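Here the structure comes first, spelled out in structure tokens, and everything after it is commentary.
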Amino acid sequence: MVTDHPSPVGQPTVPNPERVLLIRQHLKEVLASHVFVASKRTQDFLELIVAHALEGEFDQLRERMIGAEMFGRPLGYDTGSDSIVRVKATDVRKKLAQYYAEAKEQPPIRIELPSGSYVPRFHFEQPHPSAAPETDDQNPALVGQAPPQQPSFEAAIPARGPAISATSVPRPRLWQRRLIAIALGLAVVAALGYAGFRKWYSDSNSRSGIHSIVILPLENLSGDPTQEYFADGMTEELINDLGQVSTLRVISLTSSMSYKGTRKKLPEIAHELAVDAVVEGGILREGNEVRISAQLIDARTDRPIMAHTYVRDLTDAYAWQGEVAQAIVDEISIKVTPQEQARLARNRSIDPAAQDLYLRGMLRLEADDCKGAVDYFNRALGSDSNYAQAHAALANCYGRMGESGQMAYKEAFSRQKAEALRAIELDDSLPEGHAELANTAMTLDWDWATAETQFNRALELNPNSAPIHEKYAFYLARTGQLSKALAEVERGVDLDPVTWHSFHADGFICYFARHYDDALSLIQRVQALNINPPDWSFLRGDVYVEQGKFSESIAEFLKSGAGPDSLGHLGNTYARAGRIDDARKTITKLEQHVEKNGVGRYEIALVYAGLGNKQQAFRWLEEAYAAHDVGLLYLKIDPCLDPLRSDPRFDDLVRRVGLTE
């Protein structure tokens, strides 16, 4: 007789060896299915929890332990604010449900991951009703679940006294009937009281159970389309204020803005974003007065929890965000540190003209028009030179322009550093200022220790900033900490789950980690989502060349533009494909870029590395070093440089850039 290993009542059970073999075989089939094969990390998550369950290692199936083992989190990390394990578990549950729903025949085993648990259950097919029901082996097993209270675990409760037939029951006397009536009345009162308590407890518990939230775009109530930028800017400021609360997961601006003008119902939006609550509202600007309405809704019940209206002068428009954030925190009774409390309570008075120009600049920056944004931010600082957020936004612009080759590296990164330092000087609690200083510590100073310190400070100030998580992920990747980088970029995806920004970063970090199949699978998954996808041509070109698909890679790079980065990778691919003349033509074009704006030295080195000309490759890497070329940030991880890594000159260059351990 086949039985499972016995476990105490209330403890998960371990299957017997025969069932372990069956479960492992079924797991292979599940992981190899089209539902799971496109997501390596989801496969790994399911394989991990099943392996621990089959070994009886149930202590390893706690959120904190999974976070440490799979995602590289420290054992003491805050699971309340870092939901990466919960998000991945939800993904596993969805894919398991899809797998079994699409199965042509019901498999003899079904794996389930119950909601709120990381201990998988293994359901075995029910026996035919005509089969003898006496043995444990014939009963359906729920392994990984506390066994039911059955005779096999504890004795059945015997009947009290002899059986009495219905006809032998005597009629109760009058006083007995009155006692019964009183008892029934008391029972009804107790039941009503208990029901009331349960309703009160449920309502109270639902509020205190809110740990994730999205602030939907505030509606522009003015009827003037030219005021949309103001409503969007106020939405962003509220997201930033609430994002400071480390125990609350706050969805990023980009994902929030994707629902602008949507007709979807709130529960549907909440389901897509995996949040407990939603904030919606509107804003009306008339002259120097701003009227803002905001409503907090429990997405699980679709019922409002809180509603407020604020009327402010333009000079105090920023004050209301802290008030709303504080009201939400109070309403859901979530834990806030004294430092977070102080930041929520601060009152920043801003010049209305400067604020208006800043919000218009942010609109240009979000459209990736850095030059147009720089003009607005400089004008904002002309109205108010102490506007810390404008300095931080200007630093962001210069950093982007330097990294994309729109401005000479040293000039761009020097300006970025100056603006970041000024922003921090004016407001040390501004996370964007610290994030920009971290970036310039990498790009300008190659000061990796300062970069890490500043990134940690930025995430301490706003643990819900998806862009900062993405930037920190690239810091981790550039320093060779690729497993940590993958986990960090997943945190960005968790906060920005329905737009392309975080997925794009995730794809490139998969490429640098040499997870080429994962990068392509991610592209396919994002394309299946109903979102505006990025231009994947550059990433596809990178992945295809490493897979030896040179023709496909060349076709993708030809679609990705004529900038130095695209030319460098195209030339490297031409060289590896044996198209030597085409590779040399890209070198000529890159030399023209170097002469014109000082950008392209690192990319020339990539082409020579592909050609196998180490002497010229190192010559141009030295040129890149002298110019402080941003490409050198990728020395440790760029696959295009792999042919040079065995040369002692390469290790020396890595050391001089500060990337040695």
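Heavy atoms only, 1.4 Å probe, whole protein assembly: order Ser551, Ser258 by accessible area, highest first.
Details: Ser551 95, Ser258 60 Å².
Reading off the accessible areas and sorting them downward yields Ser551, Ser258.
Computed from backbone phi, the HN-Hα couplings of segment 400-417 come to 4, 5, x, 5, 8, x, 6, 9, 4, 4, 4, 5, 5, 6, 5, 5, 4, 5 Hz, rounded to whole numbers (Karplus: 6.51 cos²θ - 1.76 cosθ + 1.60, θ = phi - 60°; Gly and Pro given as x). Spatial offset of segment 618-634 relative to segment 20-38 amounts to 47 Å, using the alpha carbon center of each.
Rounded, prolate or oblate: which one fits segment 31-76, using the alpha carbon gyration tensor with axes a ≥ b ≥ c (rounded when a/c is under 1.5, else prolate when a/b beats b/c, else oblate)?
Values: a/c = 4.05, a/b = 1.52, b/c = 2.66.
Note, shape of segment 31-76 comes out oblate.
For Ala299, the residues whose modelled amide H falls within less than 5 Å of its own, excluding neighbours fewer than 5 places apart on the same chain, are Ala277, Val278.
Given a 1.4 Å probe and heavy atoms of the protein chains only, how would you sort Glu219, Glu411, largest accessible area at the top? It would help to have the intermediate numbers written out before the result.
Values: Glu219 115, Glu411 85 Å².
So the residues, ranked largest to smallest area, are Glu219, Glu411.
Solvent exposure of Phe58, expressed as accessible area, is near 40 Å², computed with a probe of 1.4 Å over the protein chains only.
Rounded to whole numbers, the Karplus 3J(HN,Hα) couplings from phi for segment 58-69 are 6, 5, 7, 9, 9, 3, 5, 5, 5, x, 6, 6 Hz, using 6.51 cos²θ - 1.76 cosθ + 1.60 with θ = phi - 60°, and x at Gly and Pro.
For Cα pairs less than 8 Å apart in space and 6+ apart in sequence, what is the mean separation divided by the residue count of segment 231-370, i.e. the relative contact order in percent? List each step's numbers first, then the result.
Values: 157 pairs, mean separation 29.5, N = 140.
Relative contact order for segment 231-370 comes out at 21 percent.
Label segment 221-338 by shape, choosing from rounded, prolate and oblate, from the square roots a ≥ b ≥ c of the eigenvalues of the Cα gyration tensor; if a/c is under 1.5 it is rounded, and otherwise prolate applies when a/b is larger than b/c, oblate when it is not.
Values: a/c = 1.75, a/b = 1.24, b/c = 1.42.
Oblate is the answer for segment 221-338, as a/c is 1.5 or above yet b/c matches or exceeds a/b.
Just check segment 436-554 against the gyration tensor rule for me: Cα atoms, a ≥ b ≥ c as the square roots of the eigenvalues, rounded for a/c under 1.5, and otherwise prolate or oblate depending on whether a/b exceeds b/c.
On the way: a/c = 2.43, a/b = 1.49, b/c = 1.63.
Because a/c hits 1.5 or more and a/b fails to exceed b/c, segment 436-554 counts as oblate.
The accessible area of Asp224, taken with all protein chains in place and a 1.4 Å probe, comes to roughly 60 Å². The order of Thr42, Thr254 by accessible area, most exposed first and with a 1.4 Å probe, is Thr254, Thr42.
The values are calculated or read from the model by the stated rules, or taken from the named source; none is laboratory data. Everything numeric in this text was worked out from a predicted model, so none of it was measured. Heavy atoms of the whole protein, side chains included, go into the accessibility calculation; ligands, DNA and RNA do not. Shrake-Rupley method; radii C 1.70, N 1.55, O 1.52, S 1.80 Å.
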